[in-house]
Protein chains: 2
Amino acid sequence: MEGCPLKEGLEEILNRCSHLMSKKGYHGTSMRDLAKATGYSLSGLYNYFKSKDELLFLINLHGFSAISTTLRGMLESVVEPEARLYAVIYNHIRYFLAHMGEMRVLMLGTQNLDVEKSSTINGLKEDYRIQVQSIVDEVYSAKTGKRLSRKDLEKKTMLLFGMMNWVFGWYSPRSHGPADDLIEDIYSLFLRGLLVGRSKLSEADDVRRIYEANKTKIFLAEVN
Amino acid sequence: MEGCPLKEGLEEILNRCSHLMSKKGYHGTSMRDLAKATGYSLSGLYNYFKSKDELLFLINLHGFSAISTTLRGMLESVVEPEARLYAVIYNHIRYFLAHMGEMRVLMLGTQNLDVEKSSTINGLKEDYRIQVQSIVDEVYSAKTGKRLSRKDLEKKTMLLFGMMNWVFGWYSPRSHGPADDLIEDIYSLFLRGLLVGRSKLSEADDVRRIYEANKTKIFLAEVN
DNA sequence: AAACGCAGCGAACGTTCGTTCGCAATTCCT
DNA sequence: AGGAATTGCGAACGAACGTTCGCTGCGTTT
């Protein structure tokens, strides 16, 4: 993947804009808000991107390129399958925490973009997913000698992404300890859970029956 | 928790509105869009809620009350710690999949609501989290004889929520198989990962160093 | 039968939205 | 030095926003 540096000043603008958008959402953040937050005038912003859509596109482009590129760089120097999995998680969480606003915007999706822009982003997203997925594949094969089906591989990988992406919603170093510990938690939980086979629960059928029986009685909590 | 039925017709309105909002976001969905989707006129909608804010509040209120209530109901009939954990996951995923739009809106958060409304919602959210967390506590104690620290307990619980909440972004029965299998995947991965202790990786320090060395070289992908 | 309250609507309100335009200042290239 | 491109801004545009108003039916109560 080729690279080109960002226009002078644009990266800082993207940062501040992501930060705002991550709180209020794309439509909830106005160009006037963005102007105020970046220190530019409303019309002055249009020297850096030619529409609000393009701003969202640039944030997504920058984010996915960056996290994918740093991962690729790391993997060049790491060979052990387990260490490669660790590197994936380390890179993702570290980048995530250092760029909360940006990553939050990426998570909100690109439904607002036109087809061309959003398929460019989807391509990058897919590339990154494949990178991570192939590491999961590697580590599973190396440790068990068996191979996961594509369906299972995809599912496990997505569970890993779930754990990693959800941290934005709850993690604070102050109450949950250093990020490196969090990374090790995710690594341990995922790796152990991945390698140990599926565990059947004998009461599973009972649970299902109980759910079906209960699900009709749904009420709205009374709010005085 | 007391309950009261919803105003006639409101539940259907909430459903359709959540569905729209889950795609475009709160600010991205206009009252005119909602009117069109529900079949009411723009002004007619105001007979069911007195502002767009209140609509978002009602969706959140209904969602969190429902999932929390169904869980409470299930847990009354399930005693084995492992089965209780299974019930938590089963309930969450099943409800999630049956109410994708609503749940997606809940995930987007309540930053747009005033302080009173959003703290009501945060209370419900917290209640639900505590329910789940105490089950994780139970199952860990029962199987290991030890007790997790509050910090660790919170972290593990949040990793579970991450796996469960992220499904909205990728799961489709057609390509990933039946929901019951997904539920068992999450259950197995989480339970095994939870019970097996932390696994130290000897190369962890190397990975950290490599990340630090690489992270300065970030470029924007070239987009012809 | 009269009075009332409720569900529903079209039209309009004031505001805010994303974007454009014309023009000044600065920087860059030759 | 001088023209061209870039960076910046205030003012204004039409469109879309959430909400309100006054009115029409309609079912229920008195």
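Restricting attention to the stretch A:55-70, does a residue exist that is within 16 Å of DNA strand D (Cβ to nearest atom) and either within 25 Å of B:Ala213 (Cβ to Cβ) or in contact with a helix residue (DSSP H, G or I) (Cβ under 7 Å, 6 or more places away or on another chain) (or both)? Yes, the conditions are met somewhere in the stretch A:55-70.
Scanning the stretch B:1-37 for residues that are over 15 Å from B:Leu106 (Cα atoms), open to solvent by 60 Å² or more (accessible area, probe 1.4 Å) and not charged (D, E, K, R) returns B:Met1, B:Pro5. Within the stretch B:65-74, the set of residues being open to solvent by 20 Å² or more (accessible area, probe 1.4 Å) and touching a Phe, Trp or Tyr at 6+ places or on another chain (Cβ under 8 Å) comprises B:Thr69 only. From the list B:Leu42, B:Leu71, B:Leu124, the lone residue that is within 27 Å of A:Gly109 (Cα to Cα) and of a type in the set (A, V, I, L, M, F, W, C) is B:Leu124.
Among the residues of the stretch B:113-125, those identified as under 13 Å from B:Ser65 (Cβ atoms) and not aliphatic (A, V, I, L, M) are B:Thr120, B:Gly123, B:Lys125. The criterion of at least 2 residues that are more than 15 Å from DNA strand C (Cβ to nearest atom) and more than 9 Å from chain A (Cβ to nearest Cβ) is met, among helices (runs of 4 or more DSSP H) falling completely within the stretch B:1-106, by B:10-24, B:52-75, B:81-98.
Can you say whether A:Ser77 is more than 13 Å from DNA strand D (Cβ to nearest atom) and in contact (Cβ under 8 Å) with a residue 12 or more places away in the chain, as far as the supplied structure shows? So A:Ser77 does not fit the description; no.
Is at least one residue of the stretch A:109-118 open to solvent by less than 40 Å² (accessible area, probe 1.4 Å), touching a helix residue (DSSP H, G or I) at 6+ places or on another chain (Cβ under 7 Å), more than 8 Å from chain B (Cβ to nearest Cβ) and within 16 Å of DNA strand C (Cβ to nearest atom)? Looking for residues that are open to solvent by less than 40 Å² (accessible area, probe 1.4 Å), touching a helix residue (DSSP H, G or I) at 6+ places or on another chain (Cβ under 7 Å), more than 8 Å from chain B (Cβ to nearest Cβ) and within 16 Å of DNA strand C (Cβ to nearest atom), one finds at least one in the stretch A:109-118, hence yes.
For B:Ile93, indicate whether it is over 29 Å from A:Ser30 (Cβ atoms) and among the hydrophobic types (A, V, I, L, M, F, W, C). So B:Ile93 passes the test.
Annotation note: of B:Tyr40, B:Tyr90, the sole residue that is in contact with a helix residue (DSSP H, G or I) (Cβ under 6 Å, 6 or more places away or on another chain) and either within 16 Å of DNA strand D (Cβ to nearest atom) or open to solvent by less than 20 Å² (accessible area, probe 1.4 Å) (or both) is B:Tyr90.
The values are calculated or read from the model by the stated rules, or taken from the named source; none is laboratory data. What you see is a predicted model, and the numbers here were worked out from it, not measured in a lab. As a convention, Cβ positions derive from the backbone with ideal geometry for all residues, glycine included, and neighbour counts pool all protein chains shown. In case anyone asks, the SASA skips ligands and DNA or RNA and just uses the protein heavy atoms, side chains included. Shrake-Rupley method; radii C 1.70, N 1.55, O 1.52, S 1.80 Å.
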